[in-house]
Amino acid sequence: MLDQTALACDIRMNSVLPAELQGQYQNPALIRSILADTKTIALVGLSKDPQRPSYFVASYLKYEGYRVIPVNPTATEILGERCYPDLLSIPEPIDMVDIFRPAAACMEIVQQAIAKQAKSIWMQLRIVNLEAAKLAEAAGLKVVIDRCVKMEHGRYSGSLHWVGMNTEIVTARKARRFF
């Protein structure tokens, strides 16, 4: 039977995680904290193809002022940035590792992120590897699973509601940035 009290566009419907894990890995305070503290993002699996979601997300993040470092072993440059084959090849510190690779590849990526002393791991929509998440948490990294960093940034920066998205943030005040 259809629950008449549920929102048709409830943001939790976009996740494959059960409710108890959504609270842990999709916590709004955690997401806001990561977005506010992040300056440099290593985007693992960034495609050279402008039609791919990873390319769209990376170009959005660059536009919003983040330093985006492409990680793709098949490319030398993406979005005007030098591309690296893996996280360990990047010569500068990394705040966030954003993963656009299959869940099976996450463990190796998390191990490299730990070695690089990254501050957070972000597994994009439908990418879920709980073993890798637990390893990252044990090493002190913040972890978000099964969320899109672009959508979350837009949600909390106040820009998603302008295009008709239900951000689950209700206010009569002028939009302000949360970070």
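Which residue is nearest to the chain's Cα centre (by Cα), if the candidates are limited to the stretch 100-133 and must be assigned to a loop (DSSP other than H, G, I, E, B) and over 16 Å from Asp86 (Cβ atoms)? Steps first, please.
Within the stretch 100-133, the subset assigned to a loop (DSSP other than H, G, I, E, B) is 100-102, 116-119, 124-129.
Among the residues that remain, those that are also over 16 Å from Asp86 (Cβ atoms) are: 119, 124-129.
Numbers: Lys119: 13, Gln124: 5, Leu125: 8, Arg126: 11, Ile127: 10, Val128: 12, Asn129: 14 Å.
For the stretch 100-133, the residue satisfying everything is Gln124.
If Gly80 satisfies every condition in (1) surrounded by 13 or more Cβ atoms within 10 Å (Cβ to Cβ); (2) under 25 Å from Met151 (Cα atoms) but one, which is the exception?
Going through the list (1) surrounded by 13 or more Cβ atoms within 10 Å (Cβ to Cβ); (2) under 25 Å from Met151 (Cα atoms), Gly80 breaks only (1).
Considering the stretch 134-157 alone, what residues qualify as being on the phi > 0 side of the Ramachandran plot and either part of a helix (DSSP H, G or I) or in contact (Cβ under 8 Å) with a residue 60 or more places away in the chain (or both)?
Our first condition is that a residue be on the phi > 0 side of the Ramachandran plot; within the stretch 134-157, this holds for 140, 146.
Result: Asp146, single match.
When you scan the stretch 64-77, how many residues do you find that are within 18 Å of the chain's Cα centre (by Cα), surrounded by fewer than 16 Cβ atoms within 10 Å (Cβ to Cβ), at negative phi and part of a loop (DSSP other than H, G, I, E, B)?
Pass one, the stretch 64-77, residues within 18 Å of the chain's Cα centre (by Cα): 64-72.
Now narrow it down to the ones that are surrounded by fewer than 16 Cβ atoms within 10 Å (Cβ to Cβ): 64-65, 67.
Among the residues that remain, those that are also at negative phi are: 64, 67.
Narrowing further to those that are part of a loop (DSSP other than H, G, I, E, B): 64.
Residues flagged as within 18 Å of the chain's Cα centre (by Cα), surrounded by fewer than 16 Cβ atoms within 10 Å (Cβ to Cβ), at negative phi and part of a loop (DSSP other than H, G, I, E, B) within the stretch 64-77 amount to 1.
I'm trying to understand the selection: among the residues of the stretch 83-122, which are crowded, with 24+ Cβ neighbours inside 10 Å, of a type in the set (A, V, I, L, M, F, W, C) and touching a Phe, Trp or Tyr at 6+ places or on another chain (Cβ under 9 Å)?
Correct list: Met96, Val97, Ile99.
For the stretch 65-74, state whether one or more residues are more than 17 Å from Leu125 (Cβ to Cβ) and without any contact (Cβ under 8 Å) to a residue 24 or more places away in the chain. So that I can check it myself, show each step before the final result.
Of the residues in the stretch 65-74, the ones more than 17 Å from Leu125 (Cβ to Cβ) are 65-74.
If we keep only those that are without any contact (Cβ under 8 Å) to a residue 24 or more places away in the chain as well, we get 65, 73.
Yes, there is a match, as at least one residue in the stretch 65-74 is more than 17 Å from Leu125 (Cβ to Cβ) and without any contact (Cβ under 8 Å) to a residue 24 or more places away in the chain.
Exactly one condition in (1) modelled with pLDDT under 95; (2) more than 16 Å from the chain's Cα centre (by Cα); (3) within 16 Å of Ile145 (Cβ to Cβ) is not met by Asn14; state its number.
(2)
Which of the following residues is at pLDDT 95 or above, under 26 Å from Arg32 (Cβ atoms) and small (Gly, Ala, Ser): Ala104, Ala75, Ala118? Spell out how you get there, then give the answer.
Working: Ala104 fails: under 26 Å from Arg32 (Cβ atoms); Ala75 fails: under 26 Å from Arg32 (Cβ atoms).
Sole residue among the options that is at pLDDT 95 or above, under 26 Å from Arg32 (Cβ atoms) and small (Gly, Ala, Ser): Ala118.
Could you please find all residues in the stretch 16-36 being surrounded by 16 or more Cβ atoms within 10 Å (Cβ to Cβ) and outside any helix (DSSP H, G or I)?
Leu17, Gln26
The values are calculated or read from the model by the stated rules, or taken from the named source; none is laboratory data. Here the structure is a predicted model, which is why all the values come from computation and not from measurement. Here Cβ is always computed from backbone atoms with ideal geometry, including for glycine, and neighbour counts include all displayed protein chains.
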